[in-house]
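Heads up: the structure comes next, in structure tokens.
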Amino acid sequence: MTSDFSLMNDIIAPGSIIIAQIMAVIVPVLVSVAFLVYAERKVLALIQLRRGPNIVGPFGILQSFADALKLLTKENIIPSGSNKIVFILAPIITMVLSLAAWAVIPFAPGWVVSDINVGVMYLFAVSSLSIYGVIMAGWASNSKYPFLGALRSAAQMVSYEVSIGFVIITVLLCVGSLNLTKIVEAQTTVWFAIPLLPMFIVFFISALAETNRLPFDLPEDEATLVAGFFTEYSSASFALFFLAEYASMILMSAMTVILFLGGWLPPFDIFPFNVVPGIIWFTAKIIFILFLFIWVRGTFPRYRYDQLMRLGWKIFLPLSLFWVVVTASFLTIFDMVPG
């Protein structure tokens, strides 16, 4: 019996640690979504000379939580002509995938749920799978507006993932590893945003398109598609899509920070480094990128769909491919190939 109990403890203890690590990532991300929505509404209000949320809680800070409570207590309406199983699964799949990608994000040295050697490939695979939730939502709704929005989103995400792939290749050429921790450690001397500045800009703009953010929110174009692929969604199902979109924004910001802004590394090596300052620096950089997301939304008008496709295929694709060749040539000529 004693050996059986010890065996059970050996099995349960590591599982409990993993669950605790997962919750330590998921809970802050979900809470961050609420504050990101509040921050977006406040920043847009300042840009447009309005006040924004200012009633619920001090300075309106609890407005997002009130909105979430309202959504969760509303009736969940399922259209009679829809494919009910696929209709319900779509937001769940989208939300799960947006959270699953956080498993390989390093917040500080040793602070990562799964420090795998193919972290970049895992992120690229998960982000590619997220399109299935959108397509399922558009098809299962049995409505023309969600269907058109899903088609737009599929074409848009495929177009800009090609550019993102080439941008990531330029970073990998400089590092020689697919491990995200090693990518951060390779930027100890200089952040990749400086030598790879054009790719940093391409990656940021592609991240806007990948997350369906203005000026590339064609899949949700309320002027022509009502609300795009989630037109027929309400209550908790709509809340899951909403959470997934903003969680993806935070994820793409984290990827931008890891690939180009040195991750948890400070800009100046002044103070003794440990885990807590690393997490603070990492969070501060993510907040900066998220501010750029919001700033772009409040500044630029929505692109036409032909302009969106032209930018992806005729500008970003040749530019990113050219930069891969330039980077590889430079590293080979000056004998700087890692490894």
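The values are calculated or read from the model by the stated rules, or taken from the named source; none is laboratory data. Predicted model only: the values in this text are computed from it and were never measured. Neighbour counts run over all protein chains shown; Cβ positions are idealised from the backbone, glycine included. Surface accessibility is based on the protein's heavy atoms, side chains included, excluding ligands, DNA and RNA. Shrake-Rupley method; radii C 1.70, N 1.55, O 1.52, S 1.80 Å.
Hey, what does the equivalent ellipsoid look like for the range 96-169, semi-axes from the Cα gyration tensor as sqrt of 5 times each eigenvalue, largest first, whole Å?
30, 15, 7
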Over the chain, with every protein chain in place, what whole percent of the accessible area is carbon and sulfur at 1.4 Å, could you tell me?
73 percent
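Given a cut-off of under 8 Å on Cα pairs at least six residues apart, what relative contact order in percent is computed for the range 43-138? Mind dumping the intermediate values first?
Working: 65 pairs, mean separation 23.0, N = 96.
Relative contact order of the range 43-138: 24 percent.
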Hydropathy at least 1.0 by Kyte-Doolittle, axial extent at least 20 angstrom from the Cα trace: which helices of the chain, defined as entire DSSP H runs, fit?
2-47, 84-100, 119-140, 144-175, 235-260, 275-299, 317-333
Leaving out ligands and nucleic acids, note down the accessible area per residue over the range 34-98 with a 1.4 angstrom probe, in whole Å².
62 Å²
Residue-normalised accessible area of the range 102-149, expressed per residue, 1.4 Å probe, Å²
47 Å²
In a solvent-free Debye calculation with one equal scatterer on each Cα, what is log10 I(q)/I(0) for the chain at q = 0.06, 0.09, 0.12, 0.14 Å⁻¹, listed in the order of the q values?
-0.24, -0.53, -0.93, -1.22
In whole Å, what is the distance between the alpha-carbon centres of the range 151-178 and the range 291-339?
9 Å
For the range 192-339, the Cα convex hull volume per residue in Å³ comes to 155 Å³
Counting only protein heavy atoms and rolling a 1.4 Å probe, one gets per residue an accessible area for the range 228-308 in Å² of 45 Å²
For F65 and I116, FRET efficiency with R0 = 25 Å and r from the beta-carbon atoms, rounded to 0.05?
0.15
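So how do 182-192, 321-331, 165-175 stack up, highest first, on mean other-Cβ count within 10 Å?
Most protected by this proxy first, the peptides run 165-175, 182-192, 321-331.
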